[in-house]
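Colleague: Mind having a look at this structure? Questions to follow.
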Amino acid sequence: MCLAVPGRVTEIGERDGTRMAVMDFGGVVKDVCLEYLPDLAVGEYAIVHVGFALQRLDEESARRTLALFEELGLLQEEFGDPWEAVGAVAVEEAEEAGR
């Protein structure tokens, strides 16, 4: 599943001519492209989808949404380590094959 997740801008810079931000998604930190929201500032929140900030969001809405995503386990699903997920599937398959 690929969600649009609210995040808070912690740093802004430029990489290869593209305005980029470091954003915090409830403790998970990722690089995000700001091409669609070039005036987004440090401390502001935005909805991010596939690495692009798409829409500015107020802090209260962002925090409520992050809390709900965390409660439902969606943050781990969205930001979890893909290698960890692959390993878990391999272990399940090995256990089933051994039965």
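The values are calculated or read from the model by the stated rules, or taken from the named source; none is laboratory data. Source: prediction; values computed, not measured. These accessible areas exclude ligands, DNA and RNA; they are computed on the full protein's heavy atoms, side chains included. Shrake-Rupley method; radii C 1.70, N 1.55, O 1.52, S 1.80 Å.
Colleague: Please compute the length gained on full extension between residue 15 and residue 36, using 0.36 nm multiplied by the number of residues separating them and subtracting their Cα-Cα distance. Don't skip to the end; give the middle numbers.
Modeller: On the way: separation 21, 0.36 × 21 = 7.56 nm, distance 1.53 nm.
Between residue 15 and residue 36, full extension yields an extra 6.0 nm.
Colleague: Roughly speaking, what is the stretch gain from residue 96 to residue 24, that is 0.36 nm per residue apart minus the C-alpha to C-alpha distance, in nm to one decimal?
Modeller: Gain in length upon complete extension: 22.1 nm.
Colleague: Please give the contour-minus-distance gain from residue 4 to residue 50: 0.36 nm per residue of separation, less the Cα-Cα distance, rounded to one decimal in nm. All intermediate terms of the calculation are to be shown ahead of the outcome.
Modeller: On the way: separation 46, 0.36 × 46 = 16.56 nm, distance 0.77 nm.
Going from the current span to full extension adds 15.8 nm.
Colleague: Right, here's the next one. Before I look further, what does region 1-66 give for accessible area per residue, probe 1.4 Å, in whole square angstrom?
Modeller: Accessible area per residue: 57 Å².
Colleague: Separate question: Calculate one ³J(HN,Hα) per residue across region 15-24 by plugging θ = phi - 60° into the Karplus curve 6.51 cos²θ - 1.76 cosθ + 1.60, and present them in order as whole Hz with x for glycine and proline.
Modeller: Per residue, the Karplus-derived 3J(HN,Hα) values read 10, 6, x, 10, 6, 10, 10, 9, 10, 9 Hz.
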